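A.B. asks: Sending over a structure as structure tokens; questions will come in a sec.
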Amino acid sequence: MDGAHQGLIDYPNDVELAQKTAFLSGNECAAQAASHVDFHVMGYFPITPSTEIAQILDEKFAAGEHTTTLIPADGEHGAAGICYGASLGGGRVLNATSANGLLYAIEQLPVQAGTRAPMVLNLVTRAVSGPLDILCDHSDLYYTLNTGWLVLMARDPQAVYDMNLIAVRLGEHLDVRLPVIVASDGFFTSHQKRRVEVFADPAALRETFLVRTEAPYHALDPRNPITFGPYMNDPDMINNKYQLHRAMQAAMRELPKLFEEYAAISGRHYPLVESYHADDAEVVLFLLNSAAETAKDAVDRLRAKGVKVGIVSPNVLRPFPLDQIREALGGAKVVVIGDRADSYGASGGNMTHEVRSALLDSLGHPPLIVSRVYGLGGKAFTVTDAEAFFELGLEALAKGKVAVPFDYYGVTPGTTSKKPERLVPPLTKEEVSTELVKVRPNPETGKLDVELPPFWALAARPKRLVPGHGACPGCGMFPVLDQVFKSLEGDIVVLFHTGCAMVVTTGFPFSAHRVTYIHNLFQNGAATLSGLVEMYHQRVARGELPASDDITFVMISGDGGMDIGMGPALGTAHRNHRMMIIEYDNQGYMNTGSQMSYSTPLGHRTSTSHVGKREEGKRFHHKDTVQLMAATHMPYVFSALEGHPADLMRKVAKAQWYANNEGMVYGKILSFCPLNWGTPEDDGANEMHQAVDSCFFPLYEVEHGKTTITHDPDVLGTRVPLADWLRKMAKTKHLLEPEHRHVLAGLEAEVERRWRRIKAMHAHPDL
């Protein structure tokens, strides 16, 4: 690549980069820019509010608008690994994430920066859990500041589009060679529709502004083998980090040129630091992203009254534009710094300390500093709030000192109406220990015998999960969980993965759970519960808890939790803790909008596996979680269906006995999702039975390694073609069309193969 592309590009006179007007959200702008770049690879995993970017890109791929290979990971950590590996191959790479998804991937970020592998990551900012909150603040963004990644700020949807294009060129610059984050505010920017300008001819854009700078080395040249990420000795590591520091300095030199170059083709200029009426302002408000845009109205109102106020907001956070911030704030007498995240215990968030440090190092007398943390967890920042920030600064200006240098803004006093209230009484020992379900070991068969009472007797049992949840009409989760919980004797402690069942039952300050409830994120529920199990047994052994209090520990997973959570679940299984894992399988990541899960079957349409010119639904077969868990040789594994209640309840009762006496058990229960399957609510029972009778979802158990089929459609004469199950679901109707019959044939062949294996294992005790 010649040096012309290292600075300004001299565009030929005959190249016209025309633009067109569109009405797009921030996420749509990110996807539109990505489609125009035509990245080689995107590794991704859905998390709100960044999920739409991959969804829209997949839809555009199906329609033939780009050729990017989208790779669905098993979690954000895996997605980061996919992206790192792809970036070492010398092509262009994209990812998008938010909040705890970023934190799950964060150990990969310094690896990628330290080995100088460019890519673009859209960080749609969101509050970091716990407790769980899906709305905006900058607590995730602040974690990235020490990773070695460049960080561009996108304050509105137009900036999201523009910064995604600029990020590609910046990261590929031969003196820079660093990955780039484009940060936009979750829901405020990501879902906000605005009129924007986008380039009309993506090919012309790629031939001019987006011309690739070839990587000086990559991992796909056997004649030039490269070692990436060697073990480092003293003083090699400090020299490596010094090179990264020099790359940041190079980025600071090149960014103004790149912004000028982009302005020449787009008419939109981005300074390193944006200043709004700050030149002569006595009180200046320093804010990031969308809040800075909101505060402009407050400046206009106060300026109309003759009050000299202004705003300063950086468009680049890494490298930190030190000189430009000093210049922009140099004339202010008071600077009010708003942080949308706290650095706990440090008397201010990251921006407070970085801006204060920049000003203290400047010549002359630094301004007074007022620091406030605001807008956490999506709390809106309004024009009135901006005016209140300016009032803090004006008060300090009048008094010549700051009364309260650091505090939170927008905190509300506690009220009794928001105090968590127990709306239903806890279950008594008598209510849960009825011994209605009797489980006994059978010495002759080596299995457990289960005696169930009449269903009416079980139906009369008190609910452990009370009505009042916010699930969609017809949702299959709660009939499944009701049957599971009514099959259990005695006290239970439940842990729920993040997912639909968690979200709709625990909206603060209410809870639908009458038992002790714990939440942890998708990726670590099994490990968390295993720690609690061992603490229980330790405290009993030490006499700190009564040994007579038998407790069953149950983890509820679903909505793809056995994808991102599979590693810890397998580890827990191998350790054989005395606990249960129950998975409601609704075949997708339903809580984030019906994205493709590894439990989604081949060819099924989801919001990240579309049907179009280049795509025919999901590209690979569904994960056989029951067999994966059985391969750990835990005492008991089963599959079940709500529509076969006697079978389900017998299996759950067995599972409880094994969990309390021998070790870990796992059960997978098919769960109906009318909204995302596209099935009428009143047809759920029929759809579920056809999933079983088509042998797609066989009902069986693996008890001490012995497989037993508990519902054999071949023997019972209820077998139906797989197409009978597929034809009533909107997500699979396309498989019955002639052009997609080959996909259906592939799914039929795999279902039949797996069914034959289970029948073989049923027939032979050693399999």
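A.B. asks: Of the conditions (1) surrounded by fewer than 16 Cβ atoms within 10 Å (Cβ to Cβ); (2) in contact (Cβ under 8 Å) with a residue 12 or more places away in the chain; (3) not in a loop (DSSP other than H, G, I, E, B), Gly410 satisfies every one except a single condition; which number is it?
C.D. replies: (3)
A.B. asks: Condition check: crowded, with 19+ Cβ neighbours inside 10 Å and more than 25 Å from Thr572 (Cβ to Cβ). Does Gly643 satisfy that?
C.D. replies: On the way: crowded, with 19+ Cβ neighbours inside 10 Å: yes; more than 25 Å from Thr572 (Cβ to Cβ): yes.
Judged against the criteria, Gly643 is a match.
A.B. asks: Are any residues in the stretch 360-379 exposed (fewer than 15 other Cβ atoms within 10 Å of the Cβ) and of a type in the set (A, V, I, L, M), and if so, which ones?
C.D. replies: Leu360, Leu363, listed by residue number.
A.B. asks: Scan the helices (runs of 4 or more DSSP H) fully inside the stretch 78-185 and keep the ones with 1 or more residues being touching a strand residue (DSSP E or B) at 6+ places or on another chain (Cβ under 8 Å). Talk me through it step by step, then tell me what you get.
C.D. replies: Details: elements: 99-105, 108-114, 139-143, 157-172.
Fully inside the stretch 78-185 and qualifying: 99-105, 139-143, 157-172.
A.B. asks: Can you name the residue in the stretch 114-132 that is among the aliphatic types (A, V, I, L, M) and buried (at least 24 other Cβ atoms within 10 Å of the Cβ) and is also nearest to Pro225 (Cα to Cα) among such residues?
C.D. replies: Filtering the stretch 114-132 for residues that are among the aliphatic types (A, V, I, L, M) and buried (at least 24 other Cβ atoms within 10 Å of the Cβ), the one nearest to Pro225 (Cα to Cα) comes out as Ala117.
A.B. asks: Within the stretch 606-629, restricting attention to residues that are under 30 Å from His574 (Cβ atoms) and crowded, with 22+ Cβ neighbours inside 10 Å, which residue is modelled with the lowest pLDDT?
C.D. replies: Of everything passing the filter in the stretch 606-629, Lys618 is modelled with the lowest pLDDT.
A.B. asks: Filter the stretch 651-679 down to residues that are within 28 Å of Lys731 (Cα to Cα) and among the β-branched types (Val, Ile, Thr) and give me whichever is surrounded by the fewest Cβ atoms within 10 Å (Cβ to Cβ).
C.D. replies: Among those that are within 28 Å of Lys731 (Cα to Cα) and among the β-branched types (Val, Ile, Thr), it is Thr679.
A.B. asks: Looking only at the stretch 451-474, which residues are under 28 Å from Gly705 (Cα atoms) and outside any loop (DSSP other than H, G, I, E, B)?
C.D. replies: Matches in the stretch 451-474: Glu451 only.
A.B. asks: For Thr592, are the conditions met, namely being at pLDDT 95 or above and within 19 Å of the chain's Cα centre (by Cα)?
C.D. replies: Numbers: at pLDDT 95 or above: no; within 19 Å of the chain's Cα centre (by Cα): yes.
When the stated conditions are applied, Thr592 does not pass them.
A.B. asks: Using the structure shown, decide if Ala63 is free of Cβ contacts under 8 Å to residues at least 40 places away in the same chain, farther than 15 Å from Pro118 by Cα and out of contact with any strand residue (DSSP E or B) (no Cβ under 7 Å at 6 or more places or on another chain).
C.D. replies: Details: free of Cβ contacts under 8 Å to residues at least 40 places away in the same chain: no; farther than 15 Å from Pro118 by Cα: yes; out of contact with any strand residue (DSSP E or B) (no Cβ under 7 Å at 6 or more places or on another chain): yes.
So Ala63 fails the test.
A.B. asks: Would you check if Glu430 is free of Cβ contacts under 8 Å to residues at least 40 places away in the same chain, assigned to a helix (DSSP H, G or I) and exposed (fewer than 13 other Cβ atoms within 10 Å of the Cβ)? Spell out the reasoning first.
C.D. replies: Working: free of Cβ contacts under 8 Å to residues at least 40 places away in the same chain: yes; assigned to a helix (DSSP H, G or I): yes; exposed (fewer than 13 other Cβ atoms within 10 Å of the Cβ): yes.
Considered against the rule, which asks whether it is free of Cβ contacts under 8 Å to residues at least 40 places away in the same chain, assigned to a helix (DSSP H, G or I) and exposed (fewer than 13 other Cβ atoms within 10 Å of the Cβ), Glu430 comes out as yes.
A.B. asks: One residue is enough: does the stretch 65-88 have a residue meeting the conditions of a type in the set (S, T, N, Q), crowded, with 22+ Cβ neighbours inside 10 Å and out of contact with any Leu (no Cβ under 8 Å at 6 or more places or on another chain)?
C.D. replies: yes
A.B. asks: For Leu465, state whether it is closer than 23 Å to Ala569 by Cβ, of a type outside the set (Phe, Trp, Tyr) and in the same structural domain as Asn591 (by TED's automatic domain parsing). Break it down into steps so the answer makes sense when it comes.
C.D. replies: Numbers: closer than 23 Å to Ala569 by Cβ: yes; of a type outside the set (Phe, Trp, Tyr): yes; in the same structural domain as Asn591 (by TED's automatic domain parsing): yes.
It is true that Leu465 is closer than 23 Å to Ala569 by Cβ, of a type outside the set (Phe, Trp, Tyr) and in the same structural domain as Asn591 (by TED's automatic domain parsing).
A.B. asks: Another question, if that's okay. Just to be sure before I move on: is Arg223 under 19 Å from Phe320 (Cα atoms), charged (D, E, K, R) and exposed (fewer than 13 other Cβ atoms within 10 Å of the Cβ) in the structure I sent?
C.D. replies: Working: under 19 Å from Phe320 (Cα atoms): no; charged (D, E, K, R): yes; exposed (fewer than 13 other Cβ atoms within 10 Å of the Cβ): yes.
No, not satisfied.
A.B. asks: Which condition does Tyr584 not pass, out of (1) over 20 Å from the mean Cα position of the chain (by Cα); (2) crowded, with 21+ Cβ neighbours inside 10 Å, if it passes all the others?
C.D. replies: Just one mismatch for Tyr584, condition (1).
A.B. asks: State yes or no: is Leu448 in a strand (DSSP E or B), at pLDDT 90 or above, more than 26 Å from the chain's Cα centre (by Cα) and surrounded by 18 or more Cβ atoms within 10 Å (Cβ to Cβ)?
C.D. replies: Values: in a strand (DSSP E or B): yes; at pLDDT 90 or above: yes; more than 26 Å from the chain's Cα centre (by Cα): yes; surrounded by 18 or more Cβ atoms within 10 Å (Cβ to Cβ): yes.
Yes; evaluated as a whole, the condition is true for this residue.
A.B. asks: Same structure again: So which of Thr606, Thr516 ends up being closer than 25 Å to Arg727 by Cα and touching a residue at least 12 places away in the same chain (Cβ under 8 Å)? Talk me through it step by step, then tell me what you get.
C.D. replies: Values: Thr516 fails: closer than 25 Å to Arg727 by Cα.
None of the other options fit; the residue is Thr606.
A.B. asks: So how many residues does the stretch 386-406 have that are at negative phi and either out of contact with any strand residue (DSSP E or B) (no Cβ under 6 Å at 6 or more places or on another chain) or in a loop (DSSP other than H, G, I, E, B) (or both)? Walk me through it before giving the result.
C.D. replies: First, pick out the residues of the stretch 386-406 that are at negative phi: 386-399, 401-406.
When the remaining residues are screened for being either out of contact with any strand residue (DSSP E or B) (no Cβ under 6 Å at 6 or more places or on another chain) or in a loop (DSSP other than H, G, I, E, B) (or both), the result is 386-388, 391, 395, 398-399, 401-405.
Number satisfying all stated conditions: 12.
A.B. asks: Within the stretch 32-77, count every residue that is within 24 Å of Gly565 (Cα to Cα), assigned to a loop (DSSP other than H, G, I, E, B) and not hydrophobic (A, V, I, L, M, F, W, C).
C.D. replies: Count: 6.
A.B. asks: With respect to Leu648, is the statement that it is surrounded by fewer than 22 Cβ atoms within 10 Å (Cβ to Cβ), modelled with pLDDT of 95 or more, closer than 28 Å to Leu448 by Cα and not assigned by TED's automatic domain parsing to the domain that holds Ala63 true? Can you show your working first?
C.D. replies: Values: surrounded by fewer than 22 Cβ atoms within 10 Å (Cβ to Cβ): no; modelled with pLDDT of 95 or more: yes; closer than 28 Å to Leu448 by Cα: yes; not assigned by TED's automatic domain parsing to the domain that holds Ala63: yes.
So Leu648 fails the test.
A.B. asks: Now, a different point. Quick check on Asn240: is it modelled with pLDDT under 95 and surrounded by 13 or more Cβ atoms within 10 Å (Cβ to Cβ)? If you could, list the steps in order and put the result at the bottom.
C.D. replies: Working: modelled with pLDDT under 95: yes; surrounded by 13 or more Cβ atoms within 10 Å (Cβ to Cβ): yes.
So Asn240 passes the test.
The values are calculated or read from the model by the stated rules, or taken from the named source; none is laboratory data. What you see is a predicted model, and the numbers here were worked out from it, not measured in a lab. Quick reminder, even Gly has a Cβ in these numbers, built from the backbone with ideal geometry, and neighbours come from all protein chains shown.
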